[in-house]
Ligand code: GUN
């Protein structure tokens with residue numbers, strides 16, 4: 001079975017648009033981008049377009065490549081203080097001279113639609129989530145939409161990043177899965193992966209996950225956005241071969257990616273509701 005993230009995202013965004021329209025509440029998302037990285041610019045454009053599509057207003061703050069930590073923190077503080085802004089997203093990665101942690105901690109937890117502030121991370125890990133990071137949040141929505149059981153399932157997350165691997169593990173624990181987190185120092189990685197009923201790959205290596213690493217019948221979620229040697233967009237998973245053994249699998253593109261943006265919109269509306277509606 002193909003897990004159609006694009007289709008689910010379209011459905012959920014349509015429902016959200018309706019909900020926003022009838023709420024009488026007009027949410028506003030502010031994005032902050034530092035420098036001119038083309039990929040980051042593209043992601044931010046996509047986020048603003050999603051806002052336009054669902055009835056969320058948006059503002060974009062652009063700072064130069066050589067901005068200082070203090071300048072970025074000041075821009076964030078200004079948005080924190082602006083009652084017309086309900087959600088704040090600082091596009092990552094930031095240029096290397098910037099203290100990313102300081103910037104993330106500067107975002108008001110009430111407006112932290114990325115769910116990266118330590119207060120929101122702590123809430124998620126203590127089982128009382130407030131804002132959930134958009135990519136793992138979107139994956140949980142996909143599992144729910146396809147009625148994939150998590151309780152008692154053996155879930156293996158490959159990758160321990162702060163934005164995907166760690167919150168993914170917390171969400172799966174909260175959903176009663178038995179969770180293993182693997183990373184670059186994991187011994188017998190293949191054996192760990194092969195034990196998974198639900199395998200989430202967030203490693204960032206083109207077609208790293210091959211058929212022999214996947215238990216027959218497993219659900220495979222591919223978070224990777226990679227380019228192969230021919231410049232072709234592909235995930236972490238060797239899709240054609242793994243699709244033969246998996247019971248369900250997300251494609252790249254059209255799987256997890258669209259769900260990230262849909263979850264950002266849902267988080268932004270949730271933030272606005274708590275602040276104004
Ligand atoms: N860069 C890559 N993914 C993300 C994300 O989910 N949020 C932000 N703010 N930046 C990113």
Item checked: Residue check for residue 166: within 16 Å of the ligand (Cβ to nearest atom), over 22 Å from residue 37 (Cα atoms), touching a strand residue (DSSP E or B) at 6+ places or on another chain (Cβ under 9 Å) and not in a loop (DSSP other than H, G, I, E, B) -> yes
Notebook entry, point to check: Of these, 75, 50, 30, 110, which one is assigned to a helix (DSSP H, G or I), within 16 Å of residue 134 (Cβ to Cβ) and away from the ligand (no atom under 11 Å from the Cβ)?
Noted result: 50
Margin query: Regarding segment 123-139, can at least one residue be identified that is under 17 Å from the mean Cα position of the chain (by Cα), within 16 Å of the ligand (Cβ to nearest atom) and free of Cβ contacts under 8 Å to residues at least 24 places away in the same chain?
Written below: no
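Are any of the residues in segment 56-71 part of a helix (DSSP H, G or I) and within 15 Å of the ligand (Cβ to nearest atom)?
So in segment 56-71, the residues part of a helix (DSSP H, G or I) come out as 69-71.
From what's left, within 15 Å of the ligand (Cβ to nearest atom): none.
No, there is no match, as no residue in segment 56-71 is part of a helix (DSSP H, G or I) and within 15 Å of the ligand (Cβ to nearest atom).
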Next item on the list: Among the candidates 68, 31, 22, single out the residue that is under 21 Å from the mean Cα position of the chain (by Cα) and either under 16 Å from residue 103 (Cβ atoms) or exposed (fewer than 13 other Cβ atoms within 10 Å of the Cβ) (or both).
Entry: 31
Notebook entry, point to check: Is at least one residue of segment 144-160 within 16 Å of the ligand (Cβ to nearest atom), modelled with pLDDT of 95 or more, assigned to a loop (DSSP other than H, G, I, E, B) and surrounded by fewer than 21 Cβ atoms within 10 Å (Cβ to Cβ)?
Noted result: yes
Item checked: Residue match in segment 181-190 (condition: in a helix (DSSP H, G or I) and either surrounded by fewer than 18 Cβ atoms within 10 Å (Cβ to Cβ) or within 16 Å of the ligand (Cβ to nearest atom) (or both)) -> yes
Checklist line | Residues that are surrounded by fewer than 17 Cβ atoms within 10 Å (Cβ to Cβ) and within 13 Å of the ligand (Cβ to nearest atom), drawn from segment 93-107 | finding: 93
Margin query: in contact (Cβ under 8 Å) with a residue 60 or more places away in the chain and either within 27 Å of residue 16 (Cα to Cα) or surrounded by fewer than 14 Cβ atoms within 10 Å (Cβ to Cβ) (or both): which single residue out of 85, 90, 56 fits that description?
Written below: 56
Check: Residues of segment 93-119 being free of Cβ contacts under 8 Å to residues at least 60 places away in the same chain and on the phi > 0 side of the Ramachandran plot, which ones?
Finding: none
Next item on the list: May I ask you to list the residues in segment 15-51 that are free of Cβ contacts under 8 Å to residues at least 24 places away in the same chain, touching a strand residue (DSSP E or B) at 6+ places or on another chain (Cβ under 8 Å) and farther than 22 Å from residue 81 by Cα?
Entry: 41
Next item on the list: Within segment 161-178, track down each residue that is more than 15 Å from the chain's Cα centre (by Cα) and surrounded by fewer than 22 Cβ atoms within 10 Å (Cβ to Cβ).
Entry: 173, 174, 175, 176, 178
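Every residue, every condition in (1) crowded, with 16+ Cβ neighbours inside 10 Å; (2) modelled with pLDDT of 95 or more; (3) outside any loop (DSSP other than H, G, I, E, B), yes or no:
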site	(1), (2), (3)
212	no, yes, yes
243	yes, yes, yes
251	yes, yes, no
258	yes, yes, yes
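The values are calculated or read from the model by the stated rules, or taken from the named source; none is laboratory data. Please read all numbers here as calculations on a predicted model, not as lab measurements. Because the Cβ atoms are built from the backbone with ideal geometry, glycine has one as well, and the counts that use them run over all protein chains shown.
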